[in-house]
Every structure is written in structure tokens, then in C-alpha cells.
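Chemist: One structure, pasted below without further comment.
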Amino acid sequence: MSLIIPTNLYSSIIAHLESAYPNEGAGLLLGIVNENDKTVKSILKFENKFEAGEQYHRYLIRAEDMFKGEMEAEKLGMDVIGVFHSHPDHPSQASEYDREYALPWFSYLIVSVQKGKASTSQSWLLSDDRKKFTEESVEL
């Protein structure tokens, strides 16, 4: 399965995550799913609600934000298909903490933001048994 992101939406994701630096930024990916891929059609950017002293390596999307995402997706005839977030001054690899709080099926787009500028990005899918992530291809 591939995650397809239009360049204008990818640019908006990058701008949001760079503006959150040196903290993690986050948001939701809304889109359409078919047999072979997930296509991002819209994004929702959220303020990191994790405890202020921990935002440099943690993000929190609150339940009410997830609900807002579900409602917006439904209004647009889409689904919430994933989450995007940054790893400030760290690789775009999914962490053990990411795995503990992830849900199978969602795409997890992680962008490495090095010294305030986006670097690499990778998308990850959690296995159904929740034991590991596998990388998902990203098409811009």
C-alpha cells in the first residue's frame, strides 16, 4: 500500500511541522482509500497538547481533536487515514513510543525536522498484532 500526498498538502504539512520546532508538531491526514493506496485529500493541523516540558519529543492529539477530524472527514466524504508528526533533530523512524500509541491501519507520516528545517520523511504502518511498524511508500 502507498500513501499518496499532493505536493501542496505536503508543503502545508512541512510548514506546520517546521513552525512547531523545536517541539513536535502533529495533525491528521484525511482522504480516500482504495485497494492499492491511500490518497490524502485534506489535512487538519493541531497544536501539540502534550505537557509543555515534554513537547520536544512527544505530541498529543486530544480525543476532541480526533472527533473533529472524524466529523470533518465525514462531512467531506472521506476517512481519517492517518497521523502526521515531526521528530525534531531525530530521524523519521517510528519510535517505540510511537508504536505503543499507534493504531493498526492508520498511516503514520513522520518528518525529521533538523535545526528547524524538514529533512527526511517516512510513512509507517503498524502490524495488526501491534508488534512492529513496516514502512509504507510515499508518493508526492
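Where a number appears in this text, it was derived from the coordinates with a stated rule and is not lab data. Computed from a predicted structure; not experimentally measured. So basically every Cβ, Gly included, is an ideal-geometry build from the backbone, and we count neighbours across all protein chains shown.
Chemist: Need one word for segment 1-62: rounded, prolate or oblate. Basis is the Cα gyration tensor (sqrt eigenvalues a ≥ b ≥ c); a/c below 1.5 gives rounded, then a/b vs b/c decides.
Modeler: The shape class here is prolate.
Chemist: Please state the charge dipole magnitude for segment 2-139, taken about the Cα centre, from unit charges on C-beta atoms (+1 on K and R, -1 on D and E), reported in debye and rounded to the nearest 20.
Modeler: Values: 14 positive and 22 negative charges, 53 e Å.
My answer is approximately 260 debye.
Chemist: Here is a follow-up. Output the 0 to 90 degree angle, nearest 10, between the alpha-carbon long axis of helix 63-76 and the longest principal axis computed from the alpha carbons of the chain.
Modeler: The helix 63-76 is inclined about 40 degrees to the chain.
Chemist: To continue, here is another question. Under 13 Å Cα-Cα from K115, which aspartates and glutamates qualify once same-chain neighbours fewer than 8 residues away are excluded?
Modeler: Within the straight-line limit of under 13 Å, K115 reaches these aspartates and glutamates: E18, E24, D89.
Chemist: Quick one: if the Förster radius is 35 Å, what FRET efficiency do K131 and E35 give, using the C-beta to C-beta distance and rounding to 0.05? Working shown, then result.
Modeler: Numbers: r = 25 Å, r/R0 = 0.71.
About 0.90, to the nearest 0.05.
Chemist: Which three extents, in angstrom, do the Cα atoms of segment 37-119 have along their principal axes, listed largest first?
Modeler: Computed over segment 37-119, the largest-to-smallest principal extents equal 37, 29, 25 Å.
Chemist: Kirkwood Rh and Cα-based Rg: tell me the resulting Rg over Rh for the chain, rounded to two decimals. Before the final figure, lay out each step's value.
Modeler: Numbers: Rg = 13.8 Å, Rh = 14.8 Å.
Dividing the radius of gyration by the Kirkwood radius yields 0.93.
Chemist: If the limit is 30 Å between Cα atoms, which of K49/K132; K75/K132; K45/K132 go over it?
Modeler: Values: K49/K132 26 Å; K75/K132 33 Å; K45/K132 26 Å.
Listed pairs above 30 Å: K75/K132.
Chemist: Turning to a different aspect of this structure: Helix-only mean residue ellipticity at 222 nm, the chain, DSSP H runs n ≥ 4 weighted -39,500 (n - 2.57), per residue, nearest 500. What is it?
Modeler: Details: 3 runs with 34 residues, N = 140.
Theoretical 222 nm ellipticity from helices: -7500 deg cm²/dmol.
Chemist: Still on this structure, please answer the following. With contacts defined as alpha carbon pairs under 8 Å and 6 or more residues apart, what's the relative contact order of the chain in percent?
Modeler: Working: 313 pairs, mean separation 37.0, N = 140.
After rounding, I find 26 percent.
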